[in-house]
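Trainee: First, the structure itself, so that you have it in front of you.
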Amino acid sequence: MTVIEVGNLTMRYGGTLAVDDLSFAVKPGLVTGFLGPNGAGKSTTMRAVLGLEVPASGTALVGGRPYTSFRRPMRSMGTLLDAGAVHGGRTARAHLGCLARSNGIGDRRVTAVLEQVGLTGVAGKRIAGFSLGMKQRLGIAVALLGDPDVLMFDEPLNGLDPEGIRWIRDLMRSLAAEGRTVLLSSHLMSEMALTADHVVVIGRGRLIADTTMESLIERFQRGVLVRTPDPARLAGALEARGATVTTEADGGLSVSGVDAAEIGSLALTEGVALRELTPRSASLEEAFMELTEESVEYTAHPAGAVRAAR
């Protein structure tokens, strides 16, 4: 199985510690989301995996080897780090054709990936005239060109319209379903929640979390919503158990301090009927904000606070 392995990776730029003893593995058959605030070290780590940055210490390997050791690297790992890093004077087909020839890939594969990313109709047009979304699709075509087992994408959703974002989501999940190793970095938490199976969260270059998406969300429970025809009686019994109960505007009970199973058992003992019993989990965005609140490099203040300071 081909994996991306980052082991005790440390990256320095002068006196700045960009990545600090970071270790994690990206496994096949899953979409792994790579999350962190701006300046957390995500792009630096990805560049180290590609051999574009030299670590101060530690390793960043693909299938147990440095990426630079592969004779035809695009057949082993496909990457998208910067969709704008292309020669604007070339056509999309010419750009892909040059890369294909350098890695022993035939022209039929160029035609196939152009079709896969939806650029067949503009294959003969110069890249300088492409929108950001079209350049993102071209960058994804480059990543797919060698039909690799490992794929790594840094912010591939930038510039895409809703249809394009949904296409990326389906593509990532289909690649993982084929048994490929997929690492995806994005700041769009709502999309990451729908796309990723596993998440690696870093802040200030250090590992904060390495867990399944489900486990991460469950870690930040927001209590349980309960609806019953006898809320006062159930609330009293729950509070006697040490739970915190708040009555919502529509009459439902927001309960924290006990889980849904305990609430159900207590309601049965008390003879109280339940109409709803719904655990409330945080969104990925809420969980991410809590995890990384001490690692944010730049913190903005509300507009009102700025006006008050004038």
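Trainee: Quick one: in the stretch 152-192, which of the residues that are aliphatic (A, V, I, L, M), surrounded by fewer than 23 Cβ atoms within 10 Å (Cβ to Cβ) and over 23 Å from LYS135 (Cβ atoms) is modelled with the lowest pLDDT?
Mentor: MET189
Trainee: Restricting to the stretch 1-53, name every residue that is among the acidic types (Asp, Glu) and either in contact with a Cys (Cβ under 8 Å, 6 or more places away or on another chain) or surrounded by 16 or more Cβ atoms within 10 Å (Cβ to Cβ) (or both).
Mentor: Selection gives GLU5, ASP20, GLU53.
Trainee: Another question about this same structure. Just checking, which of GLY124, GLY129, GLY159 is touching a Gly at 6+ places or on another chain (Cβ under 6 Å) and farther than 21 Å from PRO73 by Cβ?
Mentor: Among GLY124, GLY129, GLY159, only GLY159 is touching a Gly at 6+ places or on another chain (Cβ under 6 Å) and farther than 21 Å from PRO73 by Cβ.
Trainee: Only residues that are farther than 16 Å from LEU151 by Cβ and of a type in the set (Gly, Ala, Ser): list them for the stretch 1-32, please.
Mentor: Result: GLY7, GLY14, GLY15, ALA18, SER23.
Trainee: Then there's this: Pick out the one residue from THR212, THR195 that is touching a strand residue (DSSP E or B) at 6+ places or on another chain (Cβ under 7 Å), under 27 Å from VAL19 (Cβ atoms), at pLDDT 95 or above and exposed (fewer than 15 other Cβ atoms within 10 Å of the Cβ).
Mentor: Result of the check over THR212, THR195: THR212.
Trainee: Any idea which of LEU30, LEU96, LEU50, LEU35 is closer than 23 Å to SER174 by Cα, touching a residue at least 12 places away in the same chain (Cβ under 8 Å) and in contact with a Phe, Trp or Tyr (Cβ under 7 Å, 6 or more places away or on another chain)?
Mentor: LEU35
Trainee: Still on this model: For the stretch 163-187, enumerate the residues that are part of a loop (DSSP other than H, G, I, E, B) and under 8 Å from the mean Cα position of the chain (by Cα).
Mentor: SER186, HIS187
Trainee: Let me ask something else about it. Among the residues of the stretch 62-90, how many are over 10 Å from ASN103 (Cβ atoms), under 27 Å from the mean Cα position of the chain (by Cα) and not in a loop (DSSP other than H, G, I, E, B)?
Mentor: The qualifying residues number 8.
Trainee: Checking LEU234 against (1) surrounded by 11 or more Cβ atoms within 10 Å (Cβ to Cβ); (2) at pLDDT below 95, which test does it fail?
Mentor: (2)
Trainee: Would you confirm whether or not the stretch 144-154 contains a residue that is of a type outside the set (A, V, I, L, M, F, W, C) and in a helix (DSSP H, G or I)?
Mentor: Looking for residues that are of a type outside the set (A, V, I, L, M, F, W, C) and in a helix (DSSP H, G or I), one finds none in the stretch 144-154, hence no.
Trainee: If you check ILE202 against the conditions, is it more than 30 Å from ILE168 (Cβ to Cβ), touching a residue at least 24 places away in the same chain (Cβ under 8 Å) and surrounded by 20 or more Cβ atoms within 10 Å (Cβ to Cβ)?
Mentor: When the stated conditions are applied, ILE202 does not pass them.
Trainee: When only residues in the stretch 281-307 that are of a type in the set (Ser, Thr, Tyr) and crowded, with 16+ Cβ neighbours inside 10 Å count, which is modelled with the highest pLDDT?
Mentor: THR292
Trainee: What number of residues in the stretch 11-60 are part of a strand (DSSP E or B) and within 22 Å of GLU293 (Cα to Cα)?
Mentor: Residues meeting the conditions: 13.
The values are calculated or read from the model by the stated rules, or taken from the named source; none is laboratory data. This is a predicted model, so every value here is computed, not measured. Using ideal geometry, Cβ is built from the backbone for each residue, glycine included, and neighbour counts are taken over all protein chains shown.
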